[in-house]
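*Asks:* Following this message is one structure expressed as structure tokens.
The values are calculated or read from the model by the stated rules, or taken from the named source; none is laboratory data. Model, not experiment: these values are computed from the prediction. Cβ placement follows ideal geometry from the backbone for every residue including glycine, while neighbour counts extend to all protein chains displayed.
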């Protein structure tokens, strides 16, 4: 049963709030890195719950379950902005577009707040009445209710982090190689890219995905082991391309545009497949509006505060659109951008919350892609203005899903919804700022040289330090194609059909995974595949409970450890402590 607000039971405490903020900031930096490297991030609620349990219960010896829940709500509410930034904003850097980072940060913050104010009124409908499952919320609640499991998982998380940090350091020192060139041992041509990157982040991500990550590996195999040899054997390569340039031509002119087409087709089909969730979401809005006066309690954030916050967020988007668009964007156009963008943001956020409530899968990239395309059409191809809404939508939709996941956890452990809503709204501005700062840090120090993306030196050489920014890179390619009028329709259409079929008839979201894999350097994809196979092997030899209790925290540590070490290395380069050469 929920704890009374007048109770002295520990819930909103200085220790819990402070640790949640610190942990959320660290995870935001780590997950921004993983988003730029792998094209997806972790929600972080489980990691935050595990570490918070150790800090509050075993170090301070004062923690309670609901205090731990407030702490993980804060941490996940901050780090959730990492995906919104790493999936969209780097596209501007890759295109060489100059923009004011402070204005873009304000737009992202406005989207973060607006997402929360849109979804909070639907808490009672989605959780209390519709009883949506929210699998990640259930998992976090299980951790909070299992004191012994929290300590064991924390130790494994620490071991994984330490091992991953050492692996990165040994790679930087040249003690271990960045990748294993299996292709040379097997006598395969270079354009098949048959190497395995020795990145524990890739392997850790595969360990977390297991069998569900095999479509991602299949996308890389399709591109590099089937399409590439077919292109060479059928003489699809121009005769003026030298042998050492065949691999780059296949990737840049064939696999990349086809992968983008598959991603687009899969994302759009994901949106179409989510129509039942959209219909349910609209019904939730109608029912919640009808019952607002009857069901409002002290457990909810006041409606007037929510309405005021939403209006301020929309006005902020209007101001940013006008400021960043300059003379090329009129006041009526800026108003249209803010209003239409906010409507789509609200709809996208509710769709994502419904989808994650039912399956933990959401068409996030497709909804953001549609937002940018819609804004390009509305503004006459004003890229910066379109990206304002794209970033806001991506950040907002992640906030919507995370808020509902956390409220589900609170519902199960007896937390007060108003407290969770209050603390997440209070820290919603932090994630976008840290995500943008981390992005610029990596842009200036990746692999010792400025820049990242598919055309960076590290990615062309296919080293484990490659940050290809696949989500943002795909968005960049689409925008540039629209602006230049040179859209590779044949590859986009062919890929779109494949992506739509994969997502509708095979596995939901499979088209997006296959498209992303064809966009990533193949050695990274193969390393991910090693993790997937290892997960399946352990499931067969052990049990699903053993994998959840032992392997999941260890794998999460592998991801966090590499990201934090690479970020530290970048800071050392900027401060001149080490040379990036």
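*Asks:* Name the residues in the range 61-100 that are surrounded by fewer than 24 Cβ atoms within 10 Å (Cβ to Cβ) and within 19 Å of the chain's Cα centre (by Cα), would you?
*Replies:* 92, 93, 94
*Asks:* Restricting to the range 330-343, count the residues that are surrounded by fewer than 20 Cβ atoms within 10 Å (Cβ to Cβ) and touching a residue at least 12 places away in the same chain (Cβ under 8 Å).
*Replies:* At the first step, the residues of the range 330-343 found to be surrounded by fewer than 20 Cβ atoms within 10 Å (Cβ to Cβ) are 330-333, 335-336, 339-340, 343.
Of the ones still in play, those that are also touching a residue at least 12 places away in the same chain (Cβ under 8 Å) are 333, 335-336, 339-340.
Residues that pass the stated criteria total 5.
*Asks:* Filter the range 182-191 for residues that are surrounded by fewer than 20 Cβ atoms within 10 Å (Cβ to Cβ) and out of contact with any strand residue (DSSP E or B) (no Cβ under 7 Å at 6 or more places or on another chain); which is nearest to residue 247 (Cα to Cα)?
*Replies:* Taking the range 182-191 and keeping what is surrounded by fewer than 20 Cβ atoms within 10 Å (Cβ to Cβ), we get 182-190.
Add one more test, that the residue is out of contact with any strand residue (DSSP E or B) (no Cβ under 7 Å at 6 or more places or on another chain), and what stays is 183-190.
Details: 183: 13, 184: 15, 185: 18, 186: 17, 187: 16, 188: 12, 189: 9, 190: 7 Å.
Selected residue: 190.
*Asks:* May I ask you to list the residues in the range 9-25 that are crowded, with 21+ Cβ neighbours inside 10 Å and either under 17 Å from the mean Cα position of the chain (by Cα) or under 30 Å from residue 459 (Cα atoms) (or both)?
*Replies:* The one that is crowded, with 21+ Cβ neighbours inside 10 Å and either under 17 Å from the mean Cα position of the chain (by Cα) or under 30 Å from residue 459 (Cα atoms) (or both): 24.
*Asks:* Between 228, 218, 310, which is touching a helix residue (DSSP H, G or I) at 6+ places or on another chain (Cβ under 7 Å), at pLDDT 85 or above and more than 30 Å from residue 351 (Cα to Cα)? Spell out the reasoning first.
*Replies:* On the way: 218 fails: more than 30 Å from residue 351 (Cα to Cα); 310 fails: more than 30 Å from residue 351 (Cα to Cα).
That would be 228, the only listed residue that is touching a helix residue (DSSP H, G or I) at 6+ places or on another chain (Cβ under 7 Å), at pLDDT 85 or above and more than 30 Å from residue 351 (Cα to Cα).
*Asks:* Could you check the range 560-581 and list, in sequence order, the residues that are surrounded by 16 or more Cβ atoms within 10 Å (Cβ to Cβ) and either modelled with pLDDT of 80 or more or closer than 15 Å to residue 170 by Cβ (or both)?
*Replies:* The answer is 560, 561, 562, 563, 564, 565, 566, 567, 569, 570.
*Asks:* Tell me yes or no: at least one residue of the range 39-60 is farther than 24 Å from residue 550 by Cβ, surrounded by fewer than 24 Cβ atoms within 10 Å (Cβ to Cβ) and at pLDDT below 90. Please lay out each step first, then the result.
*Replies:* Just the residues of the range 39-60 that are farther than 24 Å from residue 550 by Cβ, to begin with: 39, 60.
Subset that is surrounded by fewer than 24 Cβ atoms within 10 Å (Cβ to Cβ): 60.
Checking which are at pLDDT below 90 leaves us with 60.
Yes, the conditions are met somewhere in the range 39-60.
*Asks:* Please work out which residue is nearest to residue 26 (Cα to Cα), limiting yourself to the range 71-115 and to residues that are in contact with a helix residue (DSSP H, G or I) (Cβ under 7 Å, 6 or more places away or on another chain) and outside any helix (DSSP H, G or I).
*Replies:* At the first step, the residues of the range 71-115 found to be in contact with a helix residue (DSSP H, G or I) (Cβ under 7 Å, 6 or more places away or on another chain) are 71-95, 97, 99-101, 103-115.
Add one more test, that the residue is outside any helix (DSSP H, G or I), and what stays is 80, 87-89, 95, 97, 99-100.
Values: 80: 12, 87: 19, 88: 21, 89: 20, 95: 28, 97: 28, 99: 26, 100: 24 Å.
Going through the qualifying residues, I end up with 80.
*Asks:* Looking at the range 233-254, which of the residues that are without any contact (Cβ under 8 Å) to a residue 60 or more places away in the chain and in contact with a helix residue (DSSP H, G or I) (Cβ under 7 Å, 6 or more places away or on another chain) is farthest from residue 492 (Cα to Cα)?
*Replies:* 241
*Asks:* Please state which one of 223, 206, 247 is within 28 Å of residue 562 (Cβ to Cβ) and surrounded by fewer than 24 Cβ atoms within 10 Å (Cβ to Cβ). Before you say what the answer is, go through the steps one by one.
*Replies:* Working: 223 fails: surrounded by fewer than 24 Cβ atoms within 10 Å (Cβ to Cβ); 206 fails: surrounded by fewer than 24 Cβ atoms within 10 Å (Cβ to Cβ).
None of the other options fit; the residue is 247.
Residue-by-condition table, conditions (1) closer than 30 Å to residue 95 by Cα; (2) under 21 Å from the mean Cα position of the chain (by Cα); (3) buried (at least 20 other Cβ atoms within 10 Å of the Cβ):
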site	(1), (2), (3)
398	yes, yes, yes
403	no, yes, yes
421	no, no, yes
439	yes, yes, yes
444	yes, no, no
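*Asks:* Take residue 321 and tell me if it is modelled with pLDDT of 80 or more, within 13 Å of residue 115 (Cβ to Cβ), in contact with a helix residue (DSSP H, G or I) (Cβ under 7 Å, 6 or more places away or on another chain) and part of a helix (DSSP H, G or I).
*Replies:* No.
*Asks:* Name every residue in the range 358-386 that is part of a helix (DSSP H, G or I) and at pLDDT below 70, in order of residue number. Reasoning before the result, please.
*Replies:* Keep residues of the range 358-386 that are part of a helix (DSSP H, G or I), which gives 358, 364-379, 383-386.
Hits for the range 358-386 are 358, 364, 365, 366.
*Asks:* Given the condition touching a residue at least 40 places away in the same chain (Cβ under 8 Å), more than 30 Å from residue 568 (Cβ to Cβ), over 26 Å from the mean Cα position of the chain (by Cα) and surrounded by 14 or more Cβ atoms within 10 Å (Cβ to Cβ), answer yes or no: does some residue in the range 167-181 qualify?
*Replies:* In the first step, residues of the range 167-181 are kept if they are touching a residue at least 40 places away in the same chain (Cβ under 8 Å); the result is 167-169, 171-172, 178-179.
Applying the additional criterion that residues be more than 30 Å from residue 568 (Cβ to Cβ) yields none.
There is no residue in the range 167-181 that is touching a residue at least 40 places away in the same chain (Cβ under 8 Å), more than 30 Å from residue 568 (Cβ to Cβ), over 26 Å from the mean Cα position of the chain (by Cα) and surrounded by 14 or more Cβ atoms within 10 Å (Cβ to Cβ).
So that you can scan it fast, the table gives a plain yes or no per residue for (1) closer than 30 Å to residue 489 by Cβ; (2) at pLDDT 80 or above; (3) part of a helix (DSSP H, G or I):
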{"position": "276", "(1), (2), (3)": "no, no, yes"}
{"position": "282", "(1), (2), (3)": "no, no, yes"}
{"position": "301", "(1), (2), (3)": "no, no, no"}
{"position": "305", "(1), (2), (3)": "no, yes, yes"}
{"position": "334", "(1), (2), (3)": "no, yes, yes"}
{"position": "340", "(1), (2), (3)": "yes, yes, yes"}
{"position": "356", "(1), (2), (3)": "no, no, yes"}
